[in-house]
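Note sheet for the following structure.
The values are calculated or read from the model by the stated rules, or taken from the named source; none is laboratory data. Since the model is a prediction, treat every value here as computed from it, not as a measurement. For neighbour counting, all protein chains shown are included, and Cβ atoms are generated from backbone atoms with ideal geometry for every residue, glycine included. In case anyone asks, the SASA skips ligands and DNA or RNA and just uses the protein heavy atoms, side chains included. Shrake-Rupley method; radii C 1.70, N 1.55, O 1.52, S 1.80 Å.
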Amino acid sequence: MSTITEGYLNHKIFGIVSETAAEMGVRAFVIGGYVRDCFLGRSNDDIDIVVEGRGIELAEAVGQKVRSKVSVFRNFGTAMLRFEGMEIEFVGARKESYHRESRNPIVEDGTLEEDQLRRDFTINAMAFSLQKEDFGALVDPFGGIRDLAAGVIRTPRDPDETYSDDPLRMLRAVRFATKLSTPEHPFAIVPESMDSIRRMAPRMEILSRERIAEELNKILLCPRPSMGFRLMDEAGMLPYVLPDLQALKGVETMDGKGHKENFSHTLQVLDNVAEVDGGKLWLRWAALLHDIGKPRSKRFAPGLGWTFHGHNVIGAKMVPGIFKSLKMTQGDEMKYVQKLVDLHLRPIALVDEEVTDSAVRRLLFDAGNDIGDLMILCNADITSKNPAKVARIRANFELVKQKMSEVEQKDEIRNFKNPIDGAYVMEVFGIPPCQEIGILKEAVKNAILDGEIGNNFAEADALMRQKAAEIGLHPVK
Ligand code: CTP
């Protein structure tokens, strides 16, 4: 099949690469994601050029013409340059295979078709010719266009070979199916590929955790990320990706009573968040992990049923280990996820109680600037199938939000800073660093949060002096 598609190659960079390749006597093609996305009507500024010859030399010659710096990665035989907002990567066509126990490929020069054959999926193996005589012709020996139209993820070769060469491709299959699916045009992994993944999933053990985490992040950022996790589950990949998520699966029954199926619930919450968050990766991580402590906190109380007391605290404690196991950051992003997992029950608990100013103030204090995200998570967590119950909770939830904005306007608790600091306490009472300082500061903080005094220096100072007298401390002046 040869389709003329020059409309997709209007940008002048393609003409320049074409001309330079002709001068050097080599054949060059646009390949991979850019070609796929042209047919899907998606924009893509990453262009991959494959050359039957030296990719680095072509890149350097093009770089000179467009006066752009070329970054060369000799180990990989690739080179990259930036031009008018596009990132263009050059590589020589190759055939390659991998050692069974390593990801280091044995690379040999190859033809375009050999290069296409070694790629991950048919939809990623299509190429546009950059030769003058058939500029823009689609070169698609493995039926990428057919598979794109049918919405299937299929490997050009026997899937066992493709996945064995690079086991990350199993996760990439999940990612592309999830990312490319729309309600009008769903994508699926073909059954023989799913079967192969089920067999090959243990090969994921050889992958670096960083590469797995990168794919997970991309899956999480898809419009409906639940699909990715369901596919991972169906293909038996969860134990190699996120074993704690696997533990959420299933329903136990005792005395005829079952509990909520926590895996489906988690995925529903994740999609609910993704619908409204505008692409916040770490909020999505918080959604994915919000109930991760449930299996460890699960108890059955006769007469009462199933309980998951303290699952938020247990879950929050698990977050650093989960991030570490994926070699992800232990910094602010992890702490943010941990905080949201810890606090995710608080807004909804307020809904069930009487919404007092002091409870709202404490929540604002604990959540700080992440209160908006916490409210998104908490709202997304309402997944009951009983419409009357959902309506009641949502109405009360609005009440909590309203109360929050009132308290916020009045007391500015969100960025709470204690009007009394340690240095001031030491100066007033002439004391060295000691635990009394903490006691006094805590008393002031609690009095402000409980609404006993205003959030200002004068009232805080008076309360500090009163509390100090009670514990036998007196001002030096
Ligand atoms: N590729 C592959 N096997 C991999 C990674 C990449 O065969 N493990 C090939 C695919 O042909 C892919 C191309 O290299 O299209 C470029 O890879 P990448 O930039 O990761 O993916 P894109 O397809 O460009 O998709 P996106 O930019 O959306 O991630």
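For region 62-71, indicate whether the set of residues that are farther than 30 Å from Thr182 by Cβ, within 32 Å of the chain's Cα centre (by Cα), modelled with pLDDT of 95 or more and within 16 Å of the ligand (Cβ to nearest atom) is non-empty.
yes
Restricting attention to region 464-472, does a residue exist that is more than 30 Å from Pro347 (Cβ to Cβ), out of contact with any helix residue (DSSP H, G or I) (no Cβ under 6 Å at 6 or more places or on another chain) and not in a helix (DSSP H, G or I)?
Looking through region 464-472, at least one residue is more than 30 Å from Pro347 (Cβ to Cβ), out of contact with any helix residue (DSSP H, G or I) (no Cβ under 6 Å at 6 or more places or on another chain) and not in a helix (DSSP H, G or I).
Only one of (1) in a loop (DSSP other than H, G, I, E, B); (2) buried (at least 19 other Cβ atoms within 10 Å of the Cβ) is not met by Ile437, so which one is it?
Unmet for Ile437, out of (1) in a loop (DSSP other than H, G, I, E, B); (2) buried (at least 19 other Cβ atoms within 10 Å of the Cβ): (1).
Please go through region 149-172 and pick out each residue that is without any contact (Cβ under 8 Å) to a residue 24 or more places away in the chain, within 13 Å of the ligand (Cβ to nearest atom) and more than 15 Å from Asp195 (Cβ to Cβ).
none
Of Arg94, Arg103, which residue is modelled with pLDDT under 95, within 13 Å of the ligand (Cβ to nearest atom), open to solvent by 60 Å² or more (accessible area, probe 1.4 Å) and within 27 Å of Ile153 (Cβ to Cβ)? Break it down into steps so the answer makes sense when it comes.
Working: Arg94 fails: open to solvent by 60 Å² or more (accessible area, probe 1.4 Å).
Every option except Arg103 fails the conditions.
Within region 311-335, which residues are open to solvent by less than 50 Å² (accessible area, probe 1.4 Å), over 27 Å from Asp450 (Cβ atoms) and assigned to a helix (DSSP H, G or I)?
His311, Gly315, Met318, Val319, Pro320, Gly321, Ile322, Phe323, Met334
Can you tell me which condition Arg175 does not meet? The list is (1) of a type in the set (D, E, K, R); (2) within 14 Å of the ligand (Cβ to nearest atom); (3) at pLDDT 95 or above; (4) open to solvent by 60 Å² or more (accessible area, probe 1.4 Å), and all the others hold.
It fails just one condition, (4).
State whether the residues of region 355-375 include one that is outside any helix (DSSP H, G or I) and surrounded by 15 or more Cβ atoms within 10 Å (Cβ to Cβ). Spell out the reasoning first.
Going residue by residue through region 355-375, those that are outside any helix (DSSP H, G or I) are 355-356.
Now drop any that are not surrounded by 15 or more Cβ atoms within 10 Å (Cβ to Cβ), which leaves 355.
Checked region 355-375: at least one residue is outside any helix (DSSP H, G or I) and surrounded by 15 or more Cβ atoms within 10 Å (Cβ to Cβ).
Kindly state which helices (runs of 4 or more DSSP H) lie completely within region 102-220 and contain at least 1 residues that are closer than 30 Å to Trp282 by Cβ and small (Gly, Ala, Ser).
Per the criteria, 168-180, 209-220.
What pairs come out if I take residues in region 120-134 that are of a type in the set (Ser, Thr, Tyr) and pair them with residues that are more than 9 Å from the ligand (Cβ to nearest atom) and open to solvent by less than 10 Å² (accessible area, probe 1.4 Å) whose C-beta lies under 7 Å away, six or more apart or interchain?
Thr122/Gly144; Thr122/Asp147; Ser129/Phe29; Ser129/Gly136; Ser129/Ala137
Do we find that Asp37 is touching a strand residue (DSSP E or B) at 6+ places or on another chain (Cβ under 8 Å) and closer than 29 Å to Thr182 by Cβ in this structure?
Spelling it out, it is not the case that Asp37 is touching a strand residue (DSSP E or B) at 6+ places or on another chain (Cβ under 8 Å) and closer than 29 Å to Thr182 by Cβ.
Among the listed residues Asn418, Asn455, identify the single one that is in contact with a helix residue (DSSP H, G or I) (Cβ under 8 Å, 6 or more places away or on another chain), open to solvent by 40 Å² or more (accessible area, probe 1.4 Å), touching a residue at least 24 places away in the same chain (Cβ under 8 Å) and within 24 Å of Gly372 (Cα to Cα).
Asn455
Does Leu270 satisfy the criteria of being open to solvent by 50 Å² or more (accessible area, probe 1.4 Å) and of a type in the set (A, V, I, L, M)?
no
Hey, can you tell me all the residues within region 197-212 that are open to solvent by less than 10 Å² (accessible area, probe 1.4 Å) and either more than 15 Å from the ligand (Cβ to nearest atom) or outside the structural domain of Thr162 (by TED's automatic domain parsing) (or both)?
Once the filter is applied, which keeps residues that are open to solvent by less than 10 Å² (accessible area, probe 1.4 Å) and either more than 15 Å from the ligand (Cβ to nearest atom) or outside the structural domain of Thr162 (by TED's automatic domain parsing) (or both), region 197-212 yields only Ala201.
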